[in-house]
Amino acid sequence: MTDLNPQAKQMADESMVRGLEAQARAIWPQEVELIRRYQLPDEPRILDAGCGTGEGSSRLAELFPRARVLGVDIIDAHLELARARYAKLAPRLTFEHQSIFELTAADNIFDFTVCRHVLHSIPHADRVIAELARVTRSRGYLHLIAEDYGMLHFQRGTLDPRDFWHVGPAEFGAKTGTDLFCGRNVFGILSAMQLEAITVDYVVVDTVRVPRETFAAIITAWRDGYAEPIGQYTQINQELARQYFDQMIASIRDPNGYAVWMVPVVSARIS
Ligand SMILES: C[S@@+](CC[C@H](N)C(=O)[O-])C[C@H]1O[C@@H](n2cnc3c(N)ncnc32)[C@H](O)[C@@H]1O
């Protein structure tokens, strides 16, 4: 049987908590402009599927002050941290232990269903997207941050990060049954489901738009959480993976350096 959560250890790690925090700081300022496009009711019901520590859920609850937001995840420590951090937003904002493969909600409940940074890390992204569509009402929206590890670009140094990104995600994905190039494939999934108004946009996390230290904090968290499994699952050993990440971090911090992570944001309206 396929492991439905092959990154469980990395997802629960301390490095993930700080990585998610840095990612939200980098991504939300551009993402929020995309979210403002959706036509939502005054008191929307919002689902944040795979909410982690609640970075997205809490921002959604603040953006829509009359919304009821439910964040679901399968890591209890993340849910507890989210409840503690955002207690002031309760009971409008709640967090529950639920798998996004099998949500407890009835059909057609949510006006707006968000799934940020999850689909690349699990197998069967199409099954999850179908489940998200099931719980979203007609004319409601799906908003998906589907990562794609072919969309990170770093300058060459002693090592060439192109080699790392070319080999690493393909082998990691093959070993874990996940699609680390999910970003480019989600359009097709939504299109086959005959959803409406499909959009594909990019949040550009680069050294021009995002503070260098925020971007560096993201890659540092990835290094700390993923060098070991990269060593385990790919031909890049753990030490070499750390060296690649260290070089990427150095080039982000170099005031004359340029680096970019293009983050696909894919949306659709339920017909
Ligand atoms: C990279 S984190 C993203 C967290 C959050 N969406 C954010 O943007 O900060 C991915 C999250 O998906 C969760 N996840 C993985 N499989 C899941 C499942 N089957 N059901 C619910 N959550 C899941 C993980 O536990 C983890 O917290």
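Applying the criterion of being more than 14 Å from Pro229 (Cβ to Cβ) and touching a Leu at 6+ places or on another chain (Cβ under 6 Å) to the residues of the stretch 150-185, the residue that is surrounded by the most Cβ atoms within 10 Å (Cβ to Cβ) is Cys182. When the stretch 215-239 is filtered for residues that are in a helix (DSSP H, G or I), surrounded by fewer than 18 Cβ atoms within 10 Å (Cβ to Cβ) and out of contact with any Gly (no Cβ under 7 Å at 6 or more places or on another chain), the ones remaining, listed by number, are Glu228, Gly231, Gln232, Tyr233, Glu239. Please pick out the residue among Ser267, Ser271 that is assigned to a loop (DSSP other than H, G, I, E, B) and closer than 30 Å to Met193 by Cα. Criteria check complete, one pass: Ser271. Across the stretch 186-210, the number of residues qualifying as farther than 30 Å from Gln155 by Cβ and of a type outside the set (Asp, Glu) comes to 11.
Selection of the stretch 108-127 for residues being in a strand (DSSP E or B), within 14 Å of the ligand (Cβ to nearest atom) and among the charged types (D, E, K, R) yields only Arg116. When you scan the stretch 236-243, do you find a residue that is more than 18 Å from Phe181 (Cβ to Cβ), in contact with a Lys or Arg (Cβ under 9 Å, 6 or more places away or on another chain) and free of Cβ contacts under 8 Å to residues at least 60 places away in the same chain, even just one? Scanning the stretch 236-243, I find at least one residue that is more than 18 Å from Phe181 (Cβ to Cβ), in contact with a Lys or Arg (Cβ under 9 Å, 6 or more places away or on another chain) and free of Cβ contacts under 8 Å to residues at least 60 places away in the same chain, so the answer is yes.
Somewhere in the stretch 95-113, is a residue crowded, with 21+ Cβ neighbours inside 10 Å and of a type in the set (Asp, Glu)? Yes: one or more hits.
For the stretch 38-79, the set of residues classified as within 17 Å of Ala105 (Cβ to Cβ), touching a residue at least 60 places away in the same chain (Cβ under 8 Å) and among the β-branched types (Val, Ile, Thr) consists of Ile46, Ile74, listed by residue number.
The rows are residues; the columns are (1) within 16 Å of the ligand (Cβ to nearest atom); (2) under 30 Å from Asn108 (Cβ atoms); (3) part of a loop (DSSP other than H, G, I, E, B); (4) among the hydroxyl-bearing types (Ser, Thr, Tyr).
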site: Ile129; (1), (2), (3), (4): yes, yes, no, no
site: Arg134; (1), (2), (3), (4): yes, yes, no, no
site: Ser138; (1), (2), (3), (4): no, yes, no, yes
site: His143; (1), (2), (3), (4): yes, yes, no, no
site: Glu147; (1), (2), (3), (4): yes, yes, yes, no
site: Thr158; (1), (2), (3), (4): no, no, yes, yes
site: Phe164; (1), (2), (3), (4): no, no, no, no
site: Glu171; (1), (2), (3), (4): no, no, no, no
site: Ala174; (1), (2), (3), (4): no, no, no, no
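The numbers here are math on the coordinates, done by the rules we state, and not lab data. Since this is a predicted model, take the numbers as computed values, not measurements. When we count neighbours, we look across all protein chains shown, and the Cβ atoms used for this are built from the backbone with ideal geometry, even at glycine.
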